[in-house]
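Right, one structure below, let's go through it.
The values are calculated or read from the model by the stated rules, or taken from the named source; none is laboratory data. Owing to the predicted nature of the structure, the values given are computational and were not obtained by experimental measurement. As a convention, Cβ positions derive from the backbone with ideal geometry for all residues, glycine included, and neighbour counts pool all protein chains shown.
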Amino acid sequence: MASPKQSHAKSGEKWSQEVTETSDALDLEEGVFTKDDPAEIAGSLKRSAEKSDRRKSDPYRSAISMLTFHINRSGKNLDAGRRKTLEAAKDELRKLFGREE
């Protein structure tokens with residue numbers, strides 16, 4: 001029996017793609033992580049988190065976790081400008097959920 005990593009390698013699918021598509025996370029709007037405005041990214045994640053029936057934790061935690069997961073999985077492939085936009089989206093999410101520090 002092939003390990004999960006091997007089966008994904010054969011199919012050309014990355015395990016992170018499977019997690020995003022099948023886990024009890026969020027049903028994301030198409031292209032959310034490609035938007036240029038951090039407020040739009042945050043708004044989209046908030047809407048997705050509040051309406052999703054796949055999440056296990058509260059909407060804020062689900063939204064911030066999905067954003068962090070995307071940033072971490074992008075790793076070195078994420079250019080500095082894109083990373084800055086996505087990190088700013090975290091701040092926008094905090095504002096939207098009233099979790100400013």
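Quick notes on this one:
- Close pairs (7 angstrom Cβ cut-off, 6 or more residues apart or separate chains): over 15 Å from M66 (Cβ atoms) in the range 78-97, modelled with pLDDT of 95 or more and surrounded by 18 or more Cβ atoms within 10 Å (Cβ to Cβ) anywhere: T85/P38; A88/P38
- Tabulated pairs, the range 21-48, first over 16 Å from R94 (Cβ atoms), second part of a loop (DSSP other than H, G, I, E, B) and at pLDDT 90 or above, C-beta under 9 angstrom, 6+ apart or interchain: none
- For the range 32-44, a residue qualifies if it is among the aliphatic types (A, V, I, L, M) and closer than 17 Å to L78 by Cβ, and the qualifying residues are V32, I41.
- Scope the range 82-98; condition of a type outside the set (S, T, Y) and either touching a Leu at 6+ places or on another chain (Cβ under 8 Å) or over 17 Å from R47 (Cα atoms) (or both); matching residues: R82, R83, K84, L86, E87, A88, A89, K90, L93
- Tally of residues being surrounded by 15 or more Cβ atoms within 10 Å (Cβ to Cβ), modelled with pLDDT under 90 and in a loop (DSSP other than H, G, I, E, B) across the range 44-81: 2
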